[in-house]
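Presented below is the structure to which this report refers.
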Amino acid sequence: MGAHAMKSHTRIGLLVSMAALPTIACLAASPATKSQNQVDARATFRPEASFQEIMVSEVVPSSANLWNAVSTKSTAQGIIENRPTTDEAWLSLRHQALILIEAGNLLLMKDRPIVARGGKVKDAEQPGILGPEQIRHAMDADPAKLARLVHALQGATGKALEAIEKKDSGALSDAGGAIDEACEACHKTYWYPE
């Protein structure tokens, strides 16, 4: 092969190699690689707060703020209506709904302790209250049931979020009732079963 043919052959080889680079790049970013990266990212979760601490610090205050956003009280001075009326009040309620929805995701993370190290379940001294080992056993025995209960809370809170976005206090009040029912269903399963 002559020098000219060799240069031409080398150029063609270089062009073919350069043309293959986008294909190689696409393969490197293939779904299998992305999926592996997603698995690796999830594996880096390090739960610090216990299940009970998430309940006390996120679920209880957020749900209470949503429940109390719409109320009617009868006093000696008459009926007192409480409803969100300002953009700021509606925005604050939106934040509470988002916290409650996302708290559900935290509750579903694996390996989260039920109580803080050395802690005990709230109201543990009351008859019928399950201990942390019993709660963990019930959750681990049927993780799909825990997911259904948490998703019910998230769904009810999603209805509250819709009401908040529409600034519909009546629908927010109805959603508050559904949130209460979702909370009670979970409590009756894992905290104080009947």
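The values are calculated or read from the model by the stated rules, or taken from the named source; none is laboratory data. Keep in mind it's a predicted model, so treat the numbers as computed, not measured. Backbone-built Cβ (ideal geometry, glycine too); neighbour counts: all protein chains shown. Only protein heavy atoms, including side chains, enter the accessible area calculation; ligands, DNA and RNA are left aside. Shrake-Rupley method; radii C 1.70, N 1.55, O 1.52, S 1.80 Å.
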**Request:** Return yes when M109 is in a helix (DSSP H, G or I) and more than 18 Å from W67 (Cβ to Cβ) and no when it is not.
**Result:** no
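Within the group L106, L91, L100, which residue is open to solvent by less than 40 Å² (accessible area, probe 1.4 Å) and of a type outside the set (S, T, N, Q)? Working first, answer last.
Working: L106 fails: open to solvent by less than 40 Å² (accessible area, probe 1.4 Å); L91 fails: open to solvent by less than 40 Å² (accessible area, probe 1.4 Å).
Of L106, L91, L100, the one residue that is open to solvent by less than 40 Å² (accessible area, probe 1.4 Å) and of a type outside the set (S, T, N, Q) is L100.
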**Prompt:** Does G118 satisfy the condition of being open to solvent by 70 Å² or more (accessible area, probe 1.4 Å), of a type in the set (G, A, S), out of contact with any Pro (no Cβ under 8 Å at 6 or more places or on another chain) and over 17 Å from C186 (Cα atoms)?
**Reply:** yes
**Request:** Please work out which one of (1) open to solvent by less than 40 Å² (accessible area, probe 1.4 Å); (2) outside any loop (DSSP other than H, G, I, E, B); (3) more than 21 Å from V56 (Cα to Cα) is the condition T72 fails and give its number.
**Result:** (1)
**Request:** Tally the residues that are closer than 16 Å to E58 by Cβ, at pLDDT 95 or above, within 12 Å of the chain's Cα centre (by Cα) and hydrophobic (A, V, I, L, M, F, W, C), restricting the search to region 109-159.
**Result:** 2
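Have a look at P47, P127, P84 and point out the one that is in contact with a helix residue (DSSP H, G or I) (Cβ under 6 Å, 6 or more places away or on another chain) and outside any helix (DSSP H, G or I). Quick ask: steps written out before the conclusion?
Details: P47 fails: in contact with a helix residue (DSSP H, G or I) (Cβ under 6 Å, 6 or more places away or on another chain); P127 fails: in contact with a helix residue (DSSP H, G or I) (Cβ under 6 Å, 6 or more places away or on another chain).
Only one candidate qualifies: P84.
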**Request:** Specify the residue that is farthest from K122 (Cα to Cα); the eligible residues are those in region 134-145 that are among the aliphatic types (A, V, I, L, M) and free of Cβ contacts under 8 Å to residues at least 40 places away in the same chain.
**Result:** A144
